[in-house]
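Just below is one structure, and these are the notes that go with it.
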Amino acid sequence: DDPAGGGAAGGAAEVLRRVFGYDAFRGEQEAIISHVVGGGDALVLMPTGGGKSLCYQIPALVRDGVGVVVSPLIALMQDQVDALRALGVRAGFLNSSQDAAARREVERAFRDGDLDLLYLAPEGLNTGAATRLLEQGRVALFAIDEAHCVSQWGHDFRPDYLGLSMLHERWPDVPRIALTATATTATRDEIVHRLQLQDARRFVSSFDRPNIQYRIAPKNEPRRQLLHLLRDEHAGEAGIVYCLSRASVDRTAEFLVAQGVPALPYHAGLDAGTRARHQSRFLREDGVVMVATIAFGMGIDKPDVRFVAHLDLPKSVEGYYQETGRAGRDGQPSTAWLAYGLQDVVQQRKMIDSSGGDVAHRRNASAHLDAMLALCETVECRRVRLLAYFGQPSTPCGNCDTCLQPPESWDGTVPAQKLLSTVLRLHRERGQSFGAGQTIDILLGRRTDKVVQHGHDGLSTFGIGEELAEAEWRGVVRQLLAQGLLTVAGEYGTLTLTPDSAEVLGRRRQVMLRREPKRAPRSSAGRQR
Ligand code: ADP
Ligand code: ZN
């Protein structure tokens, strides 16, 4: 043990080469490792694929005792431990998936000092059994992986993480290292506060992934758009297509297979054997397209994923960033493509409204959705917006859709007034609220059964919106939602006005809208970078 950490840093470089087979540290790894080896606490923010694991694995090997890793990813512990054992590291895990005999053997190894690393699920620490065990051996450090799970305002809160503040109280002399790939400045502060990491040194790596080209397109014909991306830009390459529901995963995978794309489905509704088989084909074969719910991807380390496509709107910017971050870990040009439409917004609001949680929880989910919408509807550089969300200032990147093909904006005040006033009239004159479809039918002067049945052809706004096509009206609705000038709620996705709508209706506020792009930008422009 070397409390100063000076000599130990040499030990760390030696472990890096001998155990892990790497020649050099990456980015901030060396600074982080020598800080933790020296006994200091650390908060590490590094994007996915940045190399967080070595930041606690090497100090655990260099320091006396066992490195205790708290991780919520129970399903991955076995793989992580197997991978470490293959390198000759003495690793074990304790979680609910284990039988009693396996558990006893790991506990014995811990007590006898026969382990370098012990992976634990956070709930284990809250039951007291794991705490008693830890008191019977020597702990080299605590690594708190996916530390953003302690944040109630984050997108992935896990109540069991709150109990981790006791680590500091019970083992004040054991260094703690908290790691995450997703944290806004607010989440960061909450991690520090909840885990009592006030004295921890913060290591913040750049969150930029310059080789990823970010593109967000209006969802017109999602299957045709997806096929275009796969065939014209990424033929024969590996990628992930994310869908919101299991049913749409199955349908999309079937569609792609019928089109000759080697696609496989992955979601929690498939049995474990099928999931494992599909995952291993994705990892081992070339050019497999995984169609998946967000159940897929955590801890998957495949360097040459060339694209990540979202067919549905992610629930938060954090989630979007984490999922797109699985593309291009090898540093080669890659695409993050998202198609989103009005229906996504309606559906997600519905899910939030009908979710059982308390008011604060729903408000939080709403704020996450709003931030995601703002990213979708921005006329600025996507990367600038994305990095700003994580507290990192930057300048336009030249490698996203809005940089490559700056969207035109146009004065949409009059269409916005027409739409808002239709919503207002339905409410005031009829005491009704309707969804976007009916509202647009009224503006376009369509005498559908539903319009006639409700006598909506008698409204003064009937047929006053023929200057725009239906798709353009849907764009107007989406952007008014993103700008907070309209809200959508309830099971039927009904539109209602917001306090700010009055400013538009009263001609006190101009509404600038983004023109729908006519054609998708080509990725070749990004490859020149
Ligand atoms: P994270 O947990 O931040 O997503 P990982 O710890 O899984 O990232 O590391 C991502 C990949 O980079 C892994 O394949 C890992 O082996 C590799 N890696 C990490 N550090 C180095 C290094 N110093 N040299 C070479 N490869 C590294
Ligand atoms: Zn850009």
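Does Leu43 count as farther than 22 Å from Ile300 by Cβ and within 16 Å of ligand 1 (Cβ to nearest atom)?
Details: farther than 22 Å from Ile300 by Cβ: yes; within 16 Å of ligand 1 (Cβ to nearest atom): yes.
Taking the combined requirement at face value, the residue satisfies it.
Using the structure shown, decide if Pro521 is at pLDDT below 80, out of contact with any Pro (no Cβ under 7 Å at 6 or more places or on another chain), not acidic (Asp, Glu) and not in a helix (DSSP H, G or I). Let's see the steps before the verdict.
Values: at pLDDT below 80: yes; out of contact with any Pro (no Cβ under 7 Å at 6 or more places or on another chain): yes; not acidic (Asp, Glu): yes; not in a helix (DSSP H, G or I): yes.
Against the criterion (at pLDDT below 80, out of contact with any Pro (no Cβ under 7 Å at 6 or more places or on another chain), not acidic (Asp, Glu) and not in a helix (DSSP H, G or I)), Pro521 qualifies.
Condition test on Leu424, is it closer than 18 Å to Leu505 by Cα and surrounded by fewer than 20 Cβ atoms within 10 Å (Cβ to Cβ)? Lay out the reasoning, then the answer.
On the way: closer than 18 Å to Leu505 by Cα: yes; surrounded by fewer than 20 Cβ atoms within 10 Å (Cβ to Cβ): yes.
So Leu424 passes the test.
Against the condition more than 16 Å from ligand 1 (Cβ to nearest atom) and among the hydroxyl-bearing types (Ser, Thr, Tyr), how does Thr324 come out, does it pass? Spell out the reasoning first.
Numbers: more than 16 Å from ligand 1 (Cβ to nearest atom): no; among the hydroxyl-bearing types (Ser, Thr, Tyr): yes.
Answer is no for this residue.
If you go through segment 434-448 one residue at a time, do you hit one that is farther than 19 Å from Thr496 by Cα, more than 16 Å from ligand 1 (Cβ to nearest atom) and among the aromatic types (Phe, Trp, Tyr)?
Scanning segment 434-448, I find no residue that is farther than 19 Å from Thr496 by Cα, more than 16 Å from ligand 1 (Cβ to nearest atom) and among the aromatic types (Phe, Trp, Tyr), so the answer is no.
Restricted to segment 379-389, and to residues that are touching a strand residue (DSSP E or B) at 6+ places or on another chain (Cβ under 8 Å) and touching a residue at least 60 places away in the same chain (Cβ under 8 Å), which residue is farthest from ligand 1 (Cβ to nearest atom)?
Quick first cut of segment 379-389, residues touching a strand residue (DSSP E or B) at 6+ places or on another chain (Cβ under 8 Å) only: 379, 381-383, 386.
If we keep only those that are touching a residue at least 60 places away in the same chain (Cβ under 8 Å) as well, we get 379, 382-383, 386.
Numbers: Val379: 32, Arg382: 22, Arg383: 20, Leu386: 18 Å.
Applying the filter and picking the extreme gives Val379.
Go through segment 311-360 and give me each residue that's on the phi > 0 side of the Ramachandran plot and surrounded by fewer than 21 Cβ atoms within 10 Å (Cβ to Cβ).
At the first step, the residues of segment 311-360 found to be on the phi > 0 side of the Ramachandran plot are 328, 331.
Answer for segment 311-360, where residues must be on the phi > 0 side of the Ramachandran plot and surrounded by fewer than 21 Cβ atoms within 10 Å (Cβ to Cβ): just Gly331.
Looking at Val81, Val44 in this structure, which one is more than 19 Å from Arg202 (Cα to Cα), touching a Leu at 6+ places or on another chain (Cβ under 9 Å) and hydrophobic (A, V, I, L, M, F, W, C)? Quick ask: steps written out before the conclusion?
Numbers: Val44 fails: more than 19 Å from Arg202 (Cα to Cα).
None of the others qualify; the one that does is Val81.
List, please: which pairs have Cβ atoms under 9 Å, are six or more places apart or on different chains, and start with a residue in segment 400-415 that is more than 15 Å from Val511 (Cβ to Cβ) and more than 16 Å from ligand 1 (Cβ to nearest atom) and end with one that is modelled with pLDDT of 95 or more and assigned to a loop (DSSP other than H, G, I, E, B)?
That search, which allows pairs on different chains as well, returns Cys400/Cys381; Thr402/Cys381; Thr402/Pro396; Cys403/Cys381; Cys403/Pro396; Cys403/Cys397; Leu404/Gly398.
Quick check on my filter: what residues within segment 363-418 are aromatic (Phe, Trp, Tyr) and surrounded by fewer than 19 Cβ atoms within 10 Å (Cβ to Cβ)?
First pass over segment 363-418, keeping only residues aromatic (Phe, Trp, Tyr): 389-390, 410.
Correct list: Trp410 only.
Considering only residues that are farther than 30 Å from Ser316 by Cα, among the hydroxyl-bearing types (Ser, Thr, Tyr) and out of contact with any Asp or Glu (no Cβ under 7 Å at 6 or more places or on another chain), which ones fall in segment 425-482?
The answer is Ser460, Thr461.
Does Gly506 qualify as being surrounded by fewer than 18 Cβ atoms within 10 Å (Cβ to Cβ) and at pLDDT 95 or above? Talk me through it step by step, then tell me what you get.
Working: surrounded by fewer than 18 Cβ atoms within 10 Å (Cβ to Cβ): yes; at pLDDT 95 or above: no.
Judged against the criteria, Gly506 is not a match.
Exactly one of (1) buried (at least 21 other Cβ atoms within 10 Å of the Cβ); (2) without any contact (Cβ under 8 Å) to a residue 40 or more places away in the chain; (3) among the hydrophobic types (A, V, I, L, M, F, W, C); (4) in contact with a Gly (Cβ under 8 Å, 6 or more places away or on another chain) is unmet by Trp473. Its number?
Only one criterion in (1) buried (at least 21 other Cβ atoms within 10 Å of the Cβ); (2) without any contact (Cβ under 8 Å) to a residue 40 or more places away in the chain; (3) among the hydrophobic types (A, V, I, L, M, F, W, C); (4) in contact with a Gly (Cβ under 8 Å, 6 or more places away or on another chain) is unmet by Trp473, namely (2).
Working only within segment 225-252, note down all residues that are of a type outside the set (A, V, I, L, M, F, W, C) and under 16 Å from Tyr266 (Cβ atoms).
Going residue by residue through segment 225-252, those that are of a type outside the set (A, V, I, L, M, F, W, C) are 225, 228, 231-234, 236-237, 239, 242, 245-246, 248, 250-252.
Listed by number, the residues that qualify are Gly239, Tyr242, Ser245, Arg246, Ser248, Asp250, Arg251, Thr252.
Yes or no, residue by residue, for (1) touching a helix residue (DSSP H, G or I) at 6+ places or on another chain (Cβ under 9 Å); (2) touching a residue at least 60 places away in the same chain (Cβ under 8 Å); (3) farther than 25 Å from Gly297 by Cβ:
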{"site": "Cys149", "(1), (2), (3)": "yes, yes, no"}
{"site": "His168", "(1), (2), (3)": "no, no, yes"}
{"site": "Ile177", "(1), (2), (3)": "yes, yes, no"}
{"site": "Ile191", "(1), (2), (3)": "yes, yes, no"}
{"site": "Lys219", "(1), (2), (3)": "yes, yes, no"}
{"site": "Arg223", "(1), (2), (3)": "yes, no, no"}
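The values are calculated or read from the model by the stated rules, or taken from the named source; none is laboratory data. Keep in mind that this is a model prediction, so the values were computed, not measured. Every residue, glycine among them, receives a Cβ derived from its backbone with ideal geometry; neighbour counts consider all protein chains shown.
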